[in-house]
Amino acid sequence: MLLLVHWDVSPEIFRLGPLALRWYGLLFALGFLLGFLVMRWIFEREGRSLQDADTGFLYTVAGTAVAGRLAHCLFYEPAYYLEHPLEVLAVWKGGLASHGTTAGILVALYFFTRNRPRLPYLWLLDRVGIGVALGAVFVRLGNLFNSEILGTPTDLPWAFVFARVDDVPRHPVQLYEAVFYAVLFVVLLGVYRWSGRLRSPGALIGVFLISLFGFRFLVEFVKLPQAAFARQLPLTMGQWLSIPFVLLGIYWLARAVAGGSGRRT
């Protein structure tokens, strides 16, 4: 017998005329804030400039917003946005792709570190991944409150019925991802604290990319396809986009391990 969770939560916390405070926006902002505070703590702990932490955060926000929005429009709803190009700018209507946000952060921080020789690129990415993992938890909780990014039908006892969508019991994939990202955050933070200054640059960001996008690849099997045009493909759009990040993570981790072995000899 199913112990169904009937999820019928309004995506809006409250509304004042045309203005509304939504759970997704609040949780998204909270995730960014907590991730930023983690980074400031790391910079302070290692005696780095807090001004660099603040500026790097602005680069991260810009990379997230621009690349995340463009990736959503290009990979998930290209036909619509080609017909309505000005809608690309309507970010308040939602639509950010996590693969795009990750790529945007990687590119933005590359340019951020180019003129800062005291902040090596991989040094920064190893630490940024910790905060991003924490932020991802709140983004997926925001998706839950929006009743979006739905799972496939299931008869498992923890199934959710998203009453604002239909009456079908589904995998709560938003919670699957949120819980996994929370565990990943704890693991990355623990490894960082245990290993001191992370003498093998690229190791932690490698683990982050392999773990996060490896899990994202797997969870797509119980998630409804988001890109309608890709439904006839053997893999979902989310799986195709996850593969390059997993490969990049393997490359950075292997490079870090090889570099660490070389230093020990």
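Nothing in this text is a laboratory measurement; each read-out follows from the coordinates by a stated rule. Since we're looking at a predicted model, the values are computed, not measured. Please note: Cβ atoms are built from the backbone with ideal geometry, for glycine as well, and neighbour counts cover all protein chains shown.
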What FRET efficiency comes out for the pair residue 255/residue 50, r = Cβ-Cβ distance, R0 = 35 Å, nearest 0.05? 0.75
With +1 assigned to the C-beta of every Lys and Arg and -1 to the C-beta of every Asp and Glu, and no other charges, what is the dipole magnitude of the chain about the Cα centre in debye, to the nearest 20? 1220
Hey, what did the chain get for relative contact order, percent, Cα under 8 Å, at least 6 apart? 22
For region 138-200 and region 15-39, write down the distance between their C-alpha centroids in whole Å. 18
To the nearest 0.05, what FRET efficiency results for residue 186 and residue 161 with a Förster distance of 22 Å applied to their C-beta separation? 0.15
Peptide ranges 151-164, 26-39, 124-137 listed from the most packed, as the mean C-beta count within 10 angstrom indicates: 124-137, 26-39, 151-164
Here the gain from full extension of residue 148 to residue 20, 0.36 nm per residue of separation minus their alpha-carbon distance, amounts to 44.3 nm
Can you compute the modelled spin-label distance between residue 65 and residue 4, with each label point 7 Å from Cα toward Cβ, in nm? 4.1
Give me the extension gain from residue 247 to residue 12: residue separation times 0.36 nm, minus the current Cα-Cα distance, reported in nm with one decimal. 80.7 nm
(1) 17.7, 55; (2) 19.4, 68; (3) 18.9, 58, with the label sought being that of the calculated Rg and Dmax of the Cα atoms in Å: (2)
For residue 224, what residues show an amide H to amide H distance below 5 Å, using hydrogens built from the backbone and excluding near sequence neighbours? 150, 151, 152
